[in-house]
1. Of A:285, A:268, A:276, which has the largest mean-square fluctuation in a 10 Å C-alpha GNM of chain A?
2. If you project the alpha carbons of segment A:109-223 onto the principal axes, what extent comes out on each, in Å, largest first?
3. Exactly which chymotrypsin sites (Phe, Trp or Tyr not before Pro) in segment B:313-377 are in a DSSP loop and have at most 16 other Cβ atoms within 10 Å?
4. Three principal axis extents, largest first, for the C-alpha atoms of the protein assembly as shown, in Å?
5. Determine the dipole magnitude for the protein assembly as shown: charges of +1 sit on the beta-carbon of Lys and Arg, -1 on that of Asp and Glu, nothing else is charged, the reference point is the Cα centre, and the result goes in debye to the nearest 20.
6. Taking neighbour Cβ counts within 10 Å as the exposure measure, how do A:113, B:102 sort from fewest upward?
7. In the structure shown, do any of A:77/B:233; A:114/A:314; B:310/B:370; A:114/B:224; B:152/B:293 have a Cα-Cα gap over 27 Å, and if so which?
8. Be a star and scan segment B:240-276 for residues whose amide nitrogen sits under 15 Å from the point 7 Å along the Cα-to-Cβ vector of residue B:175.
Amino acid sequence: MKKAKQIKDLVTDFDLYAPKLVEKEEYFVSGHRACQGCGEALAVRLMTKALGRNAVITCATGCMEIISSNYPFTAWKNPWVHVAFPNAASVGSGVEAGLKTLRRKGRIPDRRVKVVSMGGDGGTADIGLQALSGAMERGHDMLYVCFDNEAYMNTGIQRSSATPFGASTTTAPAGKTSFGNRRWKKNMPEIMAAHGIPYVATASHSYPLDFMNKVKKAVNIEGPCYIHCYSACPTGWRSASNATVKLGRLVVETGMFPLYEIEDGIYKMTVDPPTKRRPIEDYLKLQGRFRHLTPDQIKYIQERVDVEFDKLMKKINKN
Amino acid sequence: MSKRIGMEVAIAAAEAVALCRIDVAAVYPITPSTHIAEHLSDIVSNGELDAEFMTVESEHSAMSAIIGASTAGARAFTATGSQGLMYMHEMLPVASAMRLPVVMAIGNRAVSGPLNILNDHGDIMMERDAGWISLFAQNGQEVIDMIIQAFKIAEHRDVMLPVNVSIDGFILTHMVEAMEMPDQEEVDRFLPPFKPFETLHPDQPVSMGAFAGNDIYTEISKSKDMALVNSKKTILQVWKEWKKQFGRSYEPIESYKTDNAEILILTMGSMSETAEIAIDSLRAKGMPVGLLKLKLWRPFPYDELKKAVKGVKVLAVIDRAISYGGSGGPVCGEIRSALYDERNRPAIVNYIIGLGGRDVTPEDFMMIAKAASQAEKKAPKDRYVIYGVRE
């Protein structure tokens, strides 16, 4: 136990100096067409830095595909393929199977190449859930990263099953008889954890080292891993483009999106929220999508956030 | 040395796939293609074939996975039919647009609804415009041969397109037939190792499956069409090589007793064998009738068709699917269009038979031939007839 604590302390200290050690090379390069202040593009860039050269990426249809691969241009220095919306995971599993057998047969260099599949929340929690579940269940040596901006942003801000309660979207708009989206956000990390895969984590682009450490950890684990990365979307959330990083911090400080990991079933908080969590209103008020909410509705959401946070803490404290 | 075997055709199909030394197979169970997958998994499990056998959670993922495997540089295969084929529909035009030489065996089966697991061609006809090379086998031997040919055609540098082989569900897939199975050395000699054009590997990073706007989509579509049209040259070349090595000949449209024929029946798939029996019998009675067997559905063999019907008075096209509210039989619609510009084209009649596993017998073809023989003098009332409807 003592040793474990020492390592944890070291890691904490390490994070103070680590920015200097972050990969200088860019694999998701400038010139792509993401909106100003796009949290997802920032997160993808951080992911590729953590992955380094030795990865193959399969990408679902969505913002990140559209903005990065407008023929004949590409923003990708990693080998990258897009096939369709629902199947980043199944394409990834096929790539993994292909590389595995070709390596075994000596037709490609004899070294491990990590397959990473990525999609937005729609491509992950909705239309891509079956393919993702299948790929995870089959135990491929791959990492899936969901970049969650909480609605179908590429098609124009329609609600997904990852849209938070109360958010106004173009298919769940706030109106005279509606407060916006009526459903609670689907808990993807728990669904993935239920697959019994070796590693599941949440991340935020506003905690770059935490995110990159998780990507690196997942890459080193042989088997299926899942990271759910919060990605602020100024266009869809009607937030200021310079508030992206702030939002990514507030969502953690309010306890709405805790940063934790589940390694071999063991829950661990990786970024401790403040002892006294900030009220969710601090987070909500910066975004146009929540502007219509009444104090009562905000209170209702706060109660749910508190309950969910406590549930998670129980799992964490168990270990 | 090829070996004379008696075997269920689906099992033989799996043996043929294994002889092609595939690297990855991804399959999802669907009757009547399932025996292909099952036997292939036996072969892999017994260590007779070094491949990854993926039991995916849907046909959509089966096609997605072999697309992924192919981008990695692997030789990849799947088998499906009917609902499964339609479930992977979204992925089929992507495979051809990405120019990935994957191969798919289709155990042809009627599509729902109502649910029906028996044979017709409704499934493959729905995928007609996906940009795949599409072959139709008439018996077990052709299934073995076409699967091996399919990889060679698909992977040829002048082609680089996916290929599907239609195998009539149950009528072929579950039939035990006498066939010749080539041995490994022969197949190795015929089919060189797969040399992919580009692969997904960090040693030489490439981006695949890019987004294309209105400035380039038309050009990409045209290049795909050209690739498919031009693939016929390679298909004919591969069939020539096949004949040279294995002695069995293949043509886009195979003729049977067409000398001096005034009436021709055109069929696809296993019913061609049934039709032969009818032709033999009618010829014995002195009726000038012959048979055309369409083996190559895509790219469509326009020149061969025009040549085959020269001087013929009536062409009866037999479809095993319906283009609802449209041309009647999808094959006949194609053929009418193909012959429209011909000065001396035959009268064309269209019969739709054998839907959802309804038996097709030699007697049916005899009836059709007799009815068709009247069409030269008097055009039929209907553009197509759904044959044998119980009223």
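1. Most flexible of the set in this elastic network: A:276.
2. Here the spans come out as 61, 30, 25 Å, largest first.
3. Passing sites in segment B:313-377 are B:324, B:340.
4. 98, 62, 45 Å, listed from the longest principal axis down.
5. For this selection, approximately 1760 debye.
6. A:113, B:102
7. A:77/B:233; A:114/A:314; A:114/B:224
8. Answer for segment B:240-276: B:267-276.
Read-outs: derived from the displayed coordinates by stated rules, not from any lab. In this text the structure is predicted, and so the values were computed from the model without any measurement. In this analysis, Cβ positions are derived from the backbone assuming ideal geometry, glycine residues included, and neighbour counts consider all displayed protein chains.
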